[in-house]
1. How big is region 127-179 by the Kirkwood estimate over distinct Cα pairs, in Å?
2. Give Lys35/Lys118; Lys263/Lys323; Lys302/Lys380; Lys268/Lys362 a once-over and call out the pairs whose C-alpha atoms are over 20 Å from each other.
3. Express in whole angstrom the spacing between the alpha-carbon centres of region 208-227 and region 252-281.
4. By how many nm would the segment from Ala30 to Asn96 lengthen if fully extended, with 0.36 nm per residue of separation less the alpha-carbon distance?
5. For the chain, set up a GNM with springs between Cα atoms under 10 Å and report which of Leu269, Leu278, Leu55 has the largest fluctuation.
6. Calculate one ³J(HN,Hα) per residue across region 175-188 by plugging θ = phi - 60° into the Karplus curve 6.51 cos²θ - 1.76 cosθ + 1.60, and present them in order as whole Hz with x for glycine and proline.
7. Tell me what the chain gives for mean residue ellipticity at 222 nm when only DSSP H runs of n ≥ 4 count, each as -39,500 (n - 2.57), the sum divided by the residue total, rounded to 500 deg cm²/dmol.
8. Return the FRET efficiency for the residue pair Ser62, Glu112: r is the Cβ-Cβ distance, R0 is 22 Å, and the value is rounded to the nearest 0.05.
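Derivation of every value follows stated rules applied to the coordinates shown; laboratory data play no part. Only a predicted model underlies this, so the values are computations on that prediction, with no experimental measurement involved. We place every Cβ from the backbone using ideal geometry, glycine too, and count neighbours over all the protein chains shown.
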Amino acid sequence: MKKIILVALVALALGSCNNGPQFNVNGEVADADGKMLYLEASGLEGIIPLDSVKLSSKGSFSFKQARPESPEFYRLRIEDKVINFSVDSTETIAINAPYTEFATAYIVEGSENSRKIKELSLKQARLQQDVNELLNAARANKIRNDVFEDSLSALVNDYKNDVKINYIFAEPNTAAAYFALFQKLNDYLIFDPLNNKDDIKCFAAVATSLNNTYPHAVRSKNLYNIVIKGMKNTRTPVKKTIEIPKEKIVETGLIDISLRDLKGNIRKLTDLKGKVVLLDFSVYQTQTGAPHNLMLRDLYNKYASQGFEIYQVSLDADEHFWKTSADNLPWICVRDGNGVYSTNAAVYNVRQLPAYFLINRKNELSGRGEDIKDLDSAIKELL
């Protein structure tokens, strides 16, 4: 009897929810007979399943959900193919797509924000494809390392300038502008809200507009907190003379670095004497982080057995992000909690990131990245 009453109460609650303002998303998926179509919410905590339907030969579908109080993001998914869209009112959105090109060849009607989100998704997909081609060329030694990094930087900067002008600053009060901030390249945010002053301005523009319209929305508060943290990370530090302790300078002239690794153990750079070492300064949470580490992995796999080691210093502001990203890397990963204001980076005159230096078996500095035209060959010569 209790179970019957409980079921009745749940049904009554769901019925009352359905009587409130709702949004509807419907359409057709061609050539998807028997496929499962899922409606999911893209929340701050992750992906939340909402509804699903097994498609018939007609491929038609219709989902209804409670209208969000502020702009929210949702997605339709078949297998691993995803269509992102947004909802900010009681509206009906029509989405029609072929099964084979579900994520790229769809047509969306009834939502201008969702149309722009499609444009942004396609731009990001093209950028990812261009970066993959560039990375493959570097792996095959078809282009030098300096050409790879310059080309990668040009691709990303062109993309960011386009998105800044046409989507973020043009209409910072829209869901599309918010969506643009969190697009990724190789699982890293393209716009860096923690370490890049120009990117933080983009986040601030959207945060201000969103906060004015939806001051109590969770996304508004979250975005505002991100901006505050980024501004703290990138504030101009008080200039002071850097004094290098004598004990940090070894006989060879190499300036030692002593930092903790993922397990909390102190790892000293000079303890690697007898190996050829690549000293690397990186920020994992940037668009260049993943491609750079893929390049390093290729070098490590190729030469580690011959006495090659990588000592990588992370300057990431977010310790948790660093630990998660570095967990599966096979070389020595340490982190400097001072971030971009690191004394270690300053004494090595690091001017841009990533930056790397080659150290020979005698603990002598052999060269710095901008002076090395072919890193693979330079490592091989020292082994």
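1. 12.4
2. Table pairs above 20 Å Cα-Cα are Lys35/Lys118.
3. 42
4. Value of the extension gain: 23.0 nm.
5. Of Leu269, Leu278, Leu55, the most mobile in the Gaussian network model is Leu55.
6. Those phi angles translate into 5, 5, 5, 4, 4, 4, 4, 10, 6, 10, 10, 6, 6, 10 Hz.
7. -12000 deg cm²/dmol
8. Taking R0 as 22 Å, the efficiency between Ser62 and Glu112 is 0.55.
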